[in-house]
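No lab work stands behind these numbers, since they all come straight from the coordinates. What you are looking at is a predicted structure, and each value in this text was computed from that prediction instead of being measured. Cβ coordinates were reconstructed from backbone atoms using ideal geometry, including for glycine residues, and neighbour counts include every protein chain displayed.
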Amino acid sequence: MARRHAVILAVCVASILALAADSVDAKPRKRRARRSRPQPVVPALTIEGLPNVRSGSALALDIDTNTIVYGKNPDTVRAIASTGKIFVALVARRRGIDLEGVTEITMDDVHFARGGSRTHLDLRQRFRNHDLLRAMLIASDNRAVTALGRAVGLTPEQLVREMNALALDLGLKRTTFVDPTGLNGNWSTAREMGRALAATLRDPVLAEILATRHASVSTVSERRVRTIHYANTNRVLHRNGMRVLGGKTGYTRPAGYCLVTGVELNGRRLAFVFLGGDGELTRFADFNRVVGWMGGSGGGGGGGGSGPDVAVGAAAMQMKAADSR
């Protein structure tokens, strides 16, 4: 028995030594470098010479003449996420909101903001209404939405009704609201959001807020004052060499990444809308592609198009928007 154990032990030792020898003699394995997947290059133009827009719907609208300069699926109804907050701001302004008035954050605001991005407006804190407008439009804080409705005497349900009534007043027949924040619904088209943005930019208070890059908002309290610093989520504002009139971003899974923004380009005031982007930067890349197409070739190049709402070349200057829609 002892002899058998000795044999087994000898075999094990030999095996271990062999493995050790192999590990010494073998060439060290080269760790295979992880290859990063190359990002696809998106051409600026399609083969027809139009902007290669990746968002589901897009629009470039001359604000002053109501002329559509460029459009992609401009009348397709899509979820609009937080870009619909410009309607909340318009309702508040039309109802004569006291900008210096103070509103407290309540459980209603907490409830209707659930599911959205992180808020900086804490329960039972009080803010000037002007600062709530800035928190909502600059940083898309969802608790500010229903607080602003309450500041003008509206419950969340009444605020939604007022937003729908405003859409009808503006002639926007395909715009529908079911939720004040946009987290759980709200739909429109690129064409109608362009017209809504144009209406918002005509309000000097809202236009100033929408064009603000950074803002500080402070609580109103007899005790310790808390200051919140916001940066605008509209990246177009942070680029140089262009006068940006202001805008609003938005995102939910059903809506994708959205952007409405106004700029002054070649002496024209233009509203740009991008809905249904599949990546966070898609809307801004699409903006660059459309602006490059307009500025780099005098408003377009080549011929053709993708429907009556796409204007190319000189036709962009003359085309009238179809207001009957």
Using a Förster distance of 41 angstrom, determine the FRET efficiency expected from the C-beta separation of Val77 and Val102, and round it to 0.05. 0.60
Cα convex hull of region 57-318, projected area averaged across orientations, nm²: 13.2
How many nm is it between the label spots at Asp203 and Thr46, if each spot is 7 Å from the Cα in line with the beta carbon? 3.5
Enumerate the calculated ³J(HN,Hα) couplings along region 188-200 in order (Karplus 6.51 cos²θ - 1.76 cosθ + 1.60, θ = phi - 60°), each rounded to whole Hz, writing x wherever the residue is Gly or Pro. 6, 10, 4, 4, 6, 5, x, 5, 5, 5, 4, 5, 5
Straight-distance crosslink candidates among aspartates and glutamates, where the alpha carbon sits under 18 Å from Lys72 and sequence neighbours closer than 8 are dropped: Glu48, Asp62, Glu192, Asp278, Asp286, Asp309, Asp323
Can you sort His214, His130 by how many other beta carbons sit within 10 Å, fewest first? His214, His130
